Structures are given as structure tokens and as C-alpha cells.
Amino acid sequence: MSQQNVETVRRLLEHWKRGDWSGGRELVADDCEVVFSTSWFPDAGAYSVGREALRAWLSFTEAWEEIEVGVEQVTDMGEQVVALVRLRGRGRASGANVDAKVGGIFTLRDGRIVRYELTDRQDALEAAGRDE
């Protein structure tokens with residue numbers, strides 16, 4: 001099941017890399033909890049999957065003139081999968097270039113994502129039991 005979990009997360013991240021933020025819905029459980037970390041996201045908090053979580057994510061992405069999601073590593077941790085991701089972009093208002101290392105901690109059950117937390121790199125590494 002662990003390799004299947006990794007592939008499920010990779011498939012979701014592929015949608016995000018293409019800017020298809022609502023894609024991959026079939027990979028996510030109907031009662032999935034989405035957590036945006038206070039360390040990185042302006043609308044931090046826990047959301048139910050669906051419109052509420054998508055609205056918070058779109059609020060974040062709309063602040064960028066351009067944004068690119070690069071997946072650096074996806075690690076199997078049993079029921080969890082940890083993804084190390086790099087966000088590159090330019091702020092819409094500031095014009096500032098950003099190159100940030102962030103992470104995602106995905107919890108899966110029965111082949112579907114039941115919780116995911118988008119957080120800073122250090123939290124993701126700790127969840128994976130390692131340092132950078």
C-alpha cells in the first residue's frame with residue numbers, strides 16, 4: 001500500500017504543477033481535512049476539502065503574478081507521505097521574486113488522502129524523521 005500512497009500523492013502534485021488546483025479530486029476523501037500552516041500561508045487554518053479549502057488556496061495563489069510548483073522529493077512514511085516542494089514565483093503587487101522550500105504532509109487511508117498539511121520545509125522534514 002505504501003508505494004500506492006506515494007503514487008497517489010505524486011498524481012495530486014502533478015495537477016498542482018500544472019496549475020490545476022481543483023484537479024485530482026478523486027484522490028482525496030470526501031471528508032479530507034486540509035491544513036494550511038501558520039508558518040507559510042496567510043489564510044492559515046484547517047478546512048474541509050472542497051470549496052472552502054480551494055478558496056483559501058486560490059487566495060494564496062492570486063497574490064502571485066506567476067507561480068511554479070516543483071516537486072523535489074516524495075517520501076513514504078507508512079500511512080503518511082511527505083513531499084518536499086519548491087515554490088517559485090513573483091509577487092503580483094510587489095514584483096518580488098520568491099524561491100521557497102516548503103513541504104506537504106499527506107495522510108492516506110484506503111488509497112485516498114484523508115488529510116494534508118501544507119507547511120514549511122522543516123516541519124515536513126521532521127515528519128519524515130530527518131534533517132535537510
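If only residues of segment 1-38 that are over 13 Å from the mean Cα position of the chain (by Cα) and of a type in the set (Lys, Arg) are counted, the one that is nearest to Glu52 (Cα to Cα) is Arg25. For segment 9-39, the set of residues classified as of a type outside the set (Asp, Glu), assigned to a helix (DSSP H, G or I) and under 19 Å from Arg86 (Cα atoms) consists of Val9, Arg10, Arg11, Leu12, Leu13, His15, Trp16, Lys17, listed by residue number.
Evaluation of Thr75 against the conditions (1) farther than 13 Å from Thr107 by Cα; (2) modelled with pLDDT of 85 or more shows that the sole unmet condition is (1). Taking into account only those residues within segment 118-127 that are crowded, with 19+ Cβ neighbours inside 10 Å and assigned to a strand (DSSP E or B), which is nearest to the chain's Cα centre (by Cα)? Out of the qualifying residues, it is Leu118. When segment 47-87 is filtered for residues that are assigned to a strand (DSSP E or B) and either closer than 13 Å to Val34 by Cβ or touching a Pro at 6+ places or on another chain (Cβ under 8 Å) (or both), the ones remaining, listed by number, are Tyr47, Ser48. Checking each residue in segment 22-55 for being modelled with pLDDT of 75 or more, surrounded by 14 or more Cβ atoms within 10 Å (Cβ to Cβ) and hydrophobic (A, V, I, L, M, F, W, C) picks out Leu27, Val28, Ala29, Cys32, Val34, Val35, Phe36.
Using the structure shown, decide if Gly91 is more than 20 Å from Ser2 (Cβ to Cβ) and surrounded by 14 or more Cβ atoms within 10 Å (Cβ to Cβ). So Gly91 passes the test.
The values are calculated or read from the model by the stated rules, or taken from the named source; none is laboratory data. What you see is a predicted model, and the numbers here were worked out from it, not measured in a lab. Positions of Cβ are generated from backbone atoms using ideal geometry, with glycine treated the same way; all protein chains shown enter the neighbour counts.
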